[in-house]
Each structure stands twice: as C-alpha cells, then as structure tokens.
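The next block holds one structure in the form of structure tokens; read it before the comments.
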Amino acid sequence: MINVGIIGGSGYTGGELIRLLLHHPQVEIKFVFSTTRAGTKVSATHSDLLGQTELLFGDEVDHTIDLVFLCLGHGNSTKFLQKYPFSETTKIIDLSNDFRLKASRSFEGRDFVYGLPELNRDTIQKAKYIANPGCFATAIQLALLPLAQSQLLDNEVHINATTGSTGAGVGLSPTTHFSWRANNMSHYKAFTHQHLGEINESLTYVQKDKGKLLFIPNRGNFTRGIWATAYTHFKGSERKAIDLFKDYYSEAPFTQLSEEPIALKQVINTNYCHLHIMVHDEMILIASAIDNLLKGASGQAIQNMNLLFGFPEKEGLDLKSGVY
Ligand SMILES: NC(=O)c1ccc[n+]([C@@H]2O[C@H](COP(=O)([O-])OP(=O)(O)OC[C@H]3O[C@@H](n4cnc5c(N)ncnc54)[C@H](OP(=O)(O)O)[C@@H]3O)[C@@H](O)[C@H]2O)c1
C-alpha cells in the first residue's frame with residue numbers, strides 16, 4: 001500500500017486521478033492540494049464523486065509522501081517543486097510538459113524519465129521521477145513507433161488529430177465555450193503544436209533519420225477523446241504492416257491493434273489506445289484513438305505509478321468503455 005498526494009486537484013486530470021485512485025487497491029489518497037478550494041469537499045467540485053469519498057481539499061502537503069502527482073499547467077510544476085521541496089524518498093509523476101523534453105529532464109538534482117511505457121517500460125520501472133507524455137503526443141507516438149522501430153519512417157508523415165474540449169483544461173476559454181464548440185470545427189497551431197517536440201525526440205531516438213512530421217491539430221465538437229490519423233509512404237503488404245504492429249505491441253496491455261476499422265467511442269473512459277492500419281497504393285494510413293484524460297493523461301500516470309512501484313501494470317485501470 002502506498003500513500004499519494006495530488007496537486008491541482010480541482011482540474012480535469014486531477015479529478016480523473018481521484019476517481020481512479022479511490023478504487024486502486026494499492027493506494028490511499030492522503031491529500032488533494034488546491035490553491036482555490038482548501039477546506040471544501042472534493043465531491044462538491046467533482047460532483048460525480050458524491051457518496052464515494054469524504055476527502056477534503058487542502059492547502060498543505062506531506063513532504064514525505066510516497067508519491068505525488070502534479071496536475072498543473074505548463075510552468076507551474078517547476079514553481080511548485082521550488083516552493084514545496086519534497087523529500088528524496090518521494091516519487092513524482094508530472095502531467096505537465098515541464099520535464100518532457102531532454103533539455104528539461106534534469107531539475108534540481110532530479111532526473112525525469114519520459115513516461116511512455118510502450119517506448120521505455122524498463123527505464124520507467126527503475127525511475128523515481130516521471131514526465132507523463134502529452135495527449136496528442138501519446139496518440140501520435142503509438143501510431144508511429146512500430147514504423148520507426150523498423151526504420152520505415154523514411155518520408156514525410158502527414159498527421160491530423162482532433163481533440164475534445166477537456167484537452168484544454170477546466171478553465172473556460174472562447175474556444176471551449178459551449179456556444180463556440182458545439183456544432184463547430186477548427187484547426188490550430190498547424191505545423192507548430194508544442195507536442196511535436198516530444199514526438200520528434202522519441203521517434204528520432206528510435207529512427208535517427210526519420211522523415212519530417214507535418215501535424216495539423218483540430219478542436220472537435222465533443223468533450224473527451226483524441227482521434228488521430230497519420231499517413232506516409234510504405235512499401236509492403238498490409239499483412240506485413242499488421243505483423244509489424246502486432247509484434248511491437250505484443251507486451252503492451254493497453255495498446256491494441258484492431259483488424260477492423262475503429263471509432264473513437266470504443267476507447268472513451270478507458271486507458272486503451274486502439275490502432276487500425278490500412279495500406280493502399282504504397283501508402284500506409286494509421287488511425288489511433290485514445291481518451292485524452294486517461295491514456296492521454298491520468299490513466300497513463302497510474303500505469304506509470306504501477307510500473308514505478310512494481311504493481312501489476314493494469315491494476316486499477318480495468319475500466320468500462322461503451323460504443324453507444
Ligand atoms: N486535459 C488534458 O486532456 C491533458 C492531457 C494531458 C496532459 N495534460 C496536462 O496536465 C496538466 C493539467 O491539465 P488539466 O487539464 O487538469 O488542467 P486544469 O483543468 O486547468 O487544472 C489545473 C489545476 O491546477 C491548479 N492550479 C492552477 N494554477 C496553479 C498554480 N499556480 N499553483 C498550483 N496549482 C495551480 C488549479 O487547481 P486548484 O484551483 O485546485 O489549485 C487548476 O484547476 C497540464 O499541464 C496539461 O497540459 C492535460
């Protein structure tokens with residue numbers, strides 16, 4: 001049994017962590033830190049937790065806790081760790097992008113490991129500090145890693161990915177406002193989205209001379225999920241591609257290749273990534289679907305926690321999906 005703390009508990013990823021960890025057999029939530037709601041019931045903010053927990057938000061941390069999850073916006077994790085120096089025995093899983101890039105992985109004597117189990121499970125198992133990957137970055141890397149591993153990302157890769165409104169966090173903005181988002185569609189940060197940094201670092205680590213990634217992110221008219229498609233040049237049969245993906249993910253409990261076309265809803269509320277591939281006229285198309293708040297954030301953070309503490313990788317993540 002381990003004791004954990006959650007920082008940024010009133011946000012979307014913090015809320016998902018609380019929901020999942022309340023049912024994790026190896027975990028006790030000792031504190032949920034909030035800058036705005038100390039003293040109030042967690043279930044007053046996350047109203048679906050009514051009847052499931054009597055936890056209160058707090059404004060103090062236990063510096064010697066076994067594990068702390070940082071669920072803060074970009075730049076705030078570094079500030080938080082400077083203000084609240086946790087003991088050397090405290091493991092940290094950070095959900096922001098403060099420590100994801102190689103240049104920022106060392107921080108005040110701590111070395112963060114990039115937490116994508118399908119890329120570096122062994123390193124995660126030995127780590128103390130985890131930089132949890134971004135949501136787009138997870139969906140896209142899982143679509144491309146098997147090709148990179150076989151040195152087959154030789155040409156430009158065209159990527160289009162659409163996220164639900166929860167990807168932008170709990171704070172309201174013009175493009176997450178219901179009146180704007182409903183029945184609407186738009187792209188943003190074309191070719192420049194910040195997740196390209198971590199995607200490029202991982203893929204280049206696996207295939208040094210990989211082709212350029214051209215990524216167009218979209219805002220979708222739904223609340224949760226990421227639907228990504230990527231296509232690039234590919235020589236060989238569809239069967240060869242399927243075998244290559246199945247082989248790469250043979251030990252990955254949450255990343256599954258479907259031989260039937262997939263749809264976003266089949267992974268919502270789960271920690272799964274579902275992939276589908278088709279080959280046509282020397283082009284390969286990979287579709288990748290995840291729940292941005294689970295495999296794209298809090299679910300993957302718990303998967304990483306399980307690896308850090310030697311728990312079964314799927315512990316606490318046996319979740320129910322649904323397609324209608
Ligand atoms: N949403 C996603 O799908 C997703 C996916 C992958 C990664 N991420 C990353 O995960 C992190 C959290 O995302 P989120 O969607 O949960 O964000 P969020 O909904 O905006 O929640 C962040 C929470 O941080 C707390 N906070 C704000 N400023 C703070 C400060 N200066 N010091 C301490 N706490 C502060 C606030 O909680 P209190 O008011 O309770 O303090 C806020 O609710 C972000 O870095 C995001 O990029 C998000």
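All of the numbers you see were taken from the coordinates with simple rules; none came from a lab. What you see is a predicted model, and the numbers here were worked out from it, not measured in a lab. We place every Cβ from the backbone using ideal geometry, glycine too, and count neighbours over all the protein chains shown.
Skipping prolines and chain starts, which residues have an amide H placed within reach, meaning under 5 Å, of the one on Asn292, given they are 5 or more residues away or on another chain?
Gly225, Ile226
Quick query: amide H of Cys273 versus all other amide H atoms, modeled in the peptide plane; which residues come in under 5 Å with a sequence gap of 5 or more or a different chain?
It is Thr255, Gln256, by chain and number.
Using only the alpha-carbon atoms, how far is helix 117-126 inclined from the longest principal axis of the chain? Give it as 0 to 90 degrees, nearest 10.
That helix lies at roughly 40 degrees to the long axis.
Tell me the angle of helix 195-206 to the major Cα principal axis of the chain, expressed in degrees between 0 and 90 and rounded to the nearest ten.
60
Would you work out the charge dipole size for the chain about its Cα centre, treating the Cβ of every Lys and Arg as +1 and the Cβ of every Asp and Glu as -1, and quote it to the nearest 20 debye?
For this selection, approximately 580 debye.
Provide the per-residue ³J(HN,Hα) series for region 160-174, in order, calculated from phi with Karplus coefficients 6.51, -1.76, 1.60 and θ = phi - 60°, each as a whole number of Hz, with x at glycine and proline positions.
Each residue's phi maps through the Karplus curve to give 10, 9, 10, 10, x, 5, 5, x, 9, x, 6, x, 7, 9, x Hz.
Spelling out what I want: for every residue of region 35-51, take phi, set θ = phi - 60°, compute 6.51 cos²θ - 1.76 cosθ + 1.60 (Karplus), and round to whole Hz; glycine and proline get x.
7, 10, 10, 3, x, 9, 6, 4, 6, 6, 8, 9, 5, 5, 8, 4, x
Pop out the ³J(HN,Hα) list for region 224-236 in order, Karplus 6.51 cos²θ - 1.76 cosθ + 1.60 with θ = phi - 60°, rounded to Hz; leave Gly and Pro as x.
My calculation for region 224-236 gives 9, x, 10, 10, 10, 10, 9, 9, 7, 5, 8, 9, x Hz in order.
Within region 162-193, which chymotrypsin sites (Phe, Trp or Tyr not before Pro) sit in a loop by DSSP and count at most 14 neighbouring Cβ atoms inside 10 Å?
Working: sites: Phe178, Trp180, Tyr188, Phe191; in loops: Tyr188, Phe191.
When the chymotrypsin sites (Phe, Trp or Tyr not before Pro) of region 162-193 are filtered for loop state and at most 14 Cβ neighbours within 10 Å, Tyr188, Phe191 remain.
Please identify the GluC sites (Glu not before Pro) of region 8-102 that satisfy two criteria: DSSP loop assignment and at most 15 other Cβ atoms within 10 Å. Which are they?
Numbers: sites: Glu16, Glu28, Glu54, Glu60, Glu88; in loops: Glu54, Glu60, Glu88.
For GluC sites (Glu not before Pro) across region 8-102 that sit outside H, G, I, E and B with at most 15 neighbouring Cβ atoms in 10 Å, the list reads Glu54, Glu60, Glu88.
Within region 148-243, list the trypsin sites (Lys or Arg not before Pro) lying in a DSSP loop whose Cβ has at most 10 other Cβ atoms in a 10 Å radius.
Here the sparse-neighbourhood loop sites are Lys208, Lys235.
Please report the antiparallel percentage of DSSP beta bridges with both residues in region 135-292, rounded to the nearest 5.
If we restrict to bridges inside region 135-292, about 70 percent are antiparallel.
What residues qualify as long-range amide H neighbours of Leu67, i.e. H under 5 Å apart, gap of 5 or more or another chain, H built at 1.01 Å from N?
Asn3, Gly5, Lys91
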